[in-house]
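First up is the structure itself, then whatever we jot down about it.
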Amino acid sequence: MTSSPDAARLSDLARLRRVRDRIDREYAQPLDVEALARGVHMSAGHLSREFKRAYGEAPYSYLMTRRIERAMALLRRGDLSVTEVCFEVGCSSLGTFSTRFTELVGVPPSTYRDQAASATEGMPACVAKQVTRPIRNREARSSGRT
């Protein structure tokens with residue numbers, strides 16, 4: 001039995017959703033594109049292309065965004081150092097973490113930690129998460145938000 005292109009696309013989308021859900025659940029674990037692709041029986045290249053086509057960013061970029069979002073919440077809490085937060089969210093390099101954090105958030109994690117606690121004081125966590133969500137440079141340019 002031959003499958004139609006639509007059936008193949010739906011199958012790929014279901015596998016991509018499983019990858020995205022796994023990243024959302026296991027963001028603090030060591031994850032790489034090869035391992036994610038093996039988990040859904042795809043090649044790493046095919047996974048990367050299709051994930052980007054479906055979600056607008058590569059799997060690794062999506063993973064780092066999830067890690068940075070979680071790091072922002074931990075830094076707002078204020079009881080962990082930047083280094084502790086870095087490792088807590090699954091990053092193995094403080095330099096890479098700080099660089100990526102600064103790219104997405106606009107300030108280094110130490111500055112964010114110092115400023116964010118007072119900026120979201122009294123705000124419910126769900127609201128604080130939404131208003132402090134990282135915005136990529138391309139999104140900021142298109143929406144006017146900085």
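The values are calculated or read from the model by the stated rules, or taken from the named source; none is laboratory data. Keep in mind the model is a prediction, meaning the values are calculated, not measured. Positions of Cβ are generated from backbone atoms using ideal geometry, with glycine treated the same way; all protein chains shown enter the neighbour counts.
The figures follow:
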| read-out | value |
| --- | --- |
| So Ala44, is it of a type outside the set (Lys, Arg), in contact with a Gly (Cβ under 6 Å, 6 or more places away or on another chain) and either surrounded by 17 or more Cβ atoms within 10 Å (Cβ to Cβ) or not assigned by TED's automatic domain parsing to the domain that holds Pro124 (or both) | no |
| Residues located in region 84-98, provided they are free of Cβ contacts under 8 Å to residues at least 24 places away in the same chain and within 15 Å of Leu63 (Cβ to Cβ) | Cys86, Ser93, Thr96 |
| Criterion violated by Tyr62 - all others in (1) surrounded by fewer than 18 Cβ atoms within 10 Å (Cβ to Cβ); (2) outside the structural domain of Val127 (by TED's automatic domain parsing); (3) closer than 28 Å to Ala128 by Cβ satisfied | (1) |
| Residues of region 73-94 that turn out to be crowded, with 18+ Cβ neighbours inside 10 Å, closer than 30 Å to Ala14 by Cβ and of a type in the set (A, V, I, L, M, F, W, C), as a count | 2 |
| Residue among Asp6, Asp12 that alone is farther than 19 Å from Glu88 by Cα, at pLDDT below 95 and surrounded by 13 or more Cβ atoms within 10 Å (Cβ to Cβ) | Asp12 |
| Residue check, Ala71 in a helix (DSSP H, G or I) and either within 23 Å of Ala125 (Cα to Cα) or acidic (Asp, Glu) (or both) | yes |
| Counted residues, region 1-28 - those being in contact (Cβ under 8 Å) with a residue 24 or more places away in the chain and assigned to a helix (DSSP H, G or I) | 8 |
| Boolean, Leu31 is part of a helix (DSSP H, G or I), surrounded by 15 or more Cβ atoms within 10 Å (Cβ to Cβ) and not acidic (Asp, Glu) | no |
